[in-house]
Amino acid sequence: MKKNIVFTIILLLLFLPLFMWLAWVFTPKTKFVAAIIDKTVLTKQGQEHISFNWILNYNRYTKTSIDPYEIDHDYFGFFPLEDEEYKLKGLERFTSKQLDQLSDDADMVYFTDTYGIYNNEWFQHTNLNERSGMLYGGLSDKDLELLALMKEKKKLIITEFNTIGSPTQSRNRTVFEETFALEWTGWTARYFDNLDLEVNKELPKWLIKNYKKAHNNQWPFKKSGIAFVNDKEQVVILEEDTHLTNPMPQIISTQFAQEHYGLPKEIKYSFWFDVMKPDTNVNQVISSFDIRANKEGIKELNKYGIPNNFPAITMHKDSDYSFFYFSGDFSDNPINYNSSYFKGIGYFKGMFYDEDDITERASFFWKYYRPLMNTILEEYIEE
């Protein structure tokens with residue numbers, strides 16, 4: 001009897017992936033036209049928009065009535081080719097008439113990344129940890145034109161970290177800020193699990209150089225911490241114990257965000273984010289970054305006018321327009337795209353990350369980004 005039960009369980013485990021895939025295959029397709037803008041595509045894997053494509057594919061949202069989205073094809077921006085060749089297929093080549101047509105055709109627009117591509121990243125003979133001349137990037141006049149049209153036509157607008165940061169020109173940044181009642185403070189930041197120069201060789205050289213330049217060529221840090229950098233190349237370092245009671249930035253969600261969007265009350269975030277200041281008369285903050293600073297850390301932050309609590313999700317959702325700004329690099333997560341072909345894969349999410357690893361980022365996708373995006377898209381499509 002026990003052998004039969006064990007044999008049945010083994011059979012179910014063997015055939016479960018097939019059943020999950022068939023369930024995905026027979027899920028009805030929904031045509032949903034998303035204009036994805038990504039100017040930071042170093043490889044055809046499209047890392048900066050992979051998470052959003054995962055959501056589209058899993059839910060069977062298609063660009064036509066039958067055709068699925070392709071990560072390496074269905075976006076506007078930088079397209080990598082072989083042997084350091086590339087194509088630029090951004091909105092900059094569109095006429096106003098074409099942009100108007102695109103705003104009619106598209107159900108939503110999602111700016112996943114406008115940071116762009118720099119010479120040192122693209123051309124192999126240069127140093128990856130050094131900044132160099134920009135090849136392509138920044139929020140353009142045409143990007144702003146499409147955003148204005150989408151807002152006017154009450155389409156869904158999602159933007160995230162670095163949409164208006166460097167290298168976007170200040171005049172275009174101002175237009176965006178005025179359009180959506182949201183201001184960038186000039187500061188971006190990231191957690192580093194080790195700030196010791198002898199141990200962590202991946203620390204950006206420009207970050208080290210700019211800090212040393214303002215601190216008598218000193219870099220005293222040996223533990224983990226958070227590096228803040230602004231558009232004037234100032235660098236502020238908060239170190240574990242010295243300045244921080246918890247070196248890992250946390251995202252805290254409101255009761256509304258937990259109940260409505262299925263977000264966890266608190267989750268770690270170890271990648272890039274920016275410090276935004278929204279007009280709360282227009283926008284609602286439903287998640288916030290919390291920097292767990294001690295007395296010395298608060299003192300250091302105050303010296304540079306950096307708050308220790310600031311928006312992670314800024315939202316305007318009303319009859320006039322729907323807009324979201326994610327203050328982190330939310331669509332860039334280390335996930336396996338192939339898992340999006342299996343219905344019910346979320347029940348096994350614990351297999352895709354190790355929470356004992358403080359630097360892992362996949363759990364953010366499964367616990368935060370996925371429920372958030374699923375709810376946003378489902379609600380918008382229903383409406």
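The values are calculated or read from the model by the stated rules, or taken from the named source; none is laboratory data. Note that the structure is a prediction, hence the values are computed from the model and not measured. Cβ placement follows ideal geometry from the backbone for every residue including glycine, while neighbour counts extend to all protein chains displayed. Just the protein is used for accessible areas: all its heavy atoms, side chains included, with ligands, DNA and RNA removed. Shrake-Rupley method; radii C 1.70, N 1.55, O 1.52, S 1.80 Å.
Working carefully through the options Lys277, Lys223, Lys232, find the one that is at pLDDT 95 or above, open to solvent by 10 Å² or more (accessible area, probe 1.4 Å), touching a strand residue (DSSP E or B) at 6+ places or on another chain (Cβ under 8 Å) and part of a loop (DSSP other than H, G, I, E, B).
Values: Lys277 fails: part of a loop (DSSP other than H, G, I, E, B); Lys232 fails: at pLDDT 95 or above.
None of the other options fit; the residue is Lys223.
Within the range 235-249, which residues are in a strand (DSSP E or B) and either surrounded by fewer than 16 Cβ atoms within 10 Å (Cβ to Cβ) or hydroxyl-bearing (Ser, Thr, Tyr) (or both)?
Residues of the range 235-249 that are in a strand (DSSP E or B), as a first pass: 235-240, 244-249.
Within the range 235-249, Thr245, Asn246 qualify.
Taking the range 365-383 on its own, how many of its residues are open to solvent by less than 10 Å² (accessible area, probe 1.4 Å) and not aliphatic (A, V, I, L, M)?
Residues in the range 365-383 being open to solvent by less than 10 Å² (accessible area, probe 1.4 Å) and not aliphatic (A, V, I, L, M): 3 in total.
Cβ-Cβ under 9 Å, sequence separation 6+ or interchain: first residue in the range 17-29 and within 18 Å of Gly346 (Cβ to Cβ), partner loosely packed, with under 13 Cβ neighbours inside 10 Å. Which pairs?
Listed pairs, sorted by first residue: Phe19/Leu12; Phe19/Gly344; Met20/Gly344; Ala23/Gly344; Trp24/Gly344.
Go through the range 280-297 and give me each residue that's outside any strand (DSSP E or B), closer than 19 Å to Ile164 by Cβ, open to solvent by 30 Å² or more (accessible area, probe 1.4 Å) and touching a residue at least 24 places away in the same chain (Cβ under 8 Å).
Val282
Quick one: Phe176 ticks every box in (1) under 26 Å from Ile251 (Cα atoms); (2) open to solvent by less than 20 Å² (accessible area, probe 1.4 Å); (3) in contact (Cβ under 8 Å) with a residue 40 or more places away in the chain except a single one, so which number is it?
The failed condition is (3).
In the range 92-187, which helices (runs of 4 or more DSSP H) lie fully inside it and hold 3 or more residues that are modelled with pLDDT of 95 or more?
On the way: elements: 96-105, 119-122, 141-152, 170-180.
Once the helices (runs of 4 or more DSSP H) in the range 92-187 are filtered for at least 3 residues that are modelled with pLDDT of 95 or more, what remains is 96-105, 141-152, 170-180.
Could you check Tyr325 against (1) buried (at least 17 other Cβ atoms within 10 Å of the Cβ); (2) farther than 27 Å from Thr40 by Cβ and say which number it fails?
(2) is the only condition that Tyr325 fails.
Can you tell me how many residues in the range 53-104 are in contact with a strand residue (DSSP E or B) (Cβ under 7 Å, 6 or more places away or on another chain), open to solvent by 70 Å² or more (accessible area, probe 1.4 Å) and either aromatic (Phe, Trp, Tyr) or touching a residue at least 12 places away in the same chain (Cβ under 8 Å) (or both)?
So the answer is 3.
If Tyr261 passes every condition in (1) open to solvent by 10 Å² or more (accessible area, probe 1.4 Å); (2) within 20 Å of the chain's Cα centre (by Cα); (3) over 22 Å from Asn162 (Cβ atoms) but one, which one does it miss?
Tyr261 satisfies every listed condition except (1).
Cβ-Cβ under 6 Å, sequence separation 6+ or interchain: first residue in the range 147-160 and β-branched (Val, Ile, Thr) and open to solvent by less than 10 Å² (accessible area, probe 1.4 Å), partner modelled with pLDDT of 95 or more and in a helix (DSSP H, G or I). Which pairs?
Note: pairs meeting the criteria are Ile157/Met150.
Within the range 334-344, identify whether any single residue is open to solvent by 60 Å² or more (accessible area, probe 1.4 Å), free of Cβ contacts under 8 Å to residues at least 60 places away in the same chain, under 30 Å from Thr27 (Cα atoms) and among the aromatic types (Phe, Trp, Tyr), and answer yes or no.
Looking for residues that are open to solvent by 60 Å² or more (accessible area, probe 1.4 Å), free of Cβ contacts under 8 Å to residues at least 60 places away in the same chain, under 30 Å from Thr27 (Cα atoms) and among the aromatic types (Phe, Trp, Tyr), one finds none in the range 334-344, hence no.
Filter the range 17-52 down to residues that are hydroxyl-bearing (Ser, Thr, Tyr) and under 19 Å from Asn374 (Cβ atoms) and give me whichever is least open to solvent (accessible area, probe 1.4 Å).
Among those that are hydroxyl-bearing (Ser, Thr, Tyr) and under 19 Å from Asn374 (Cβ atoms), it is Ser51.
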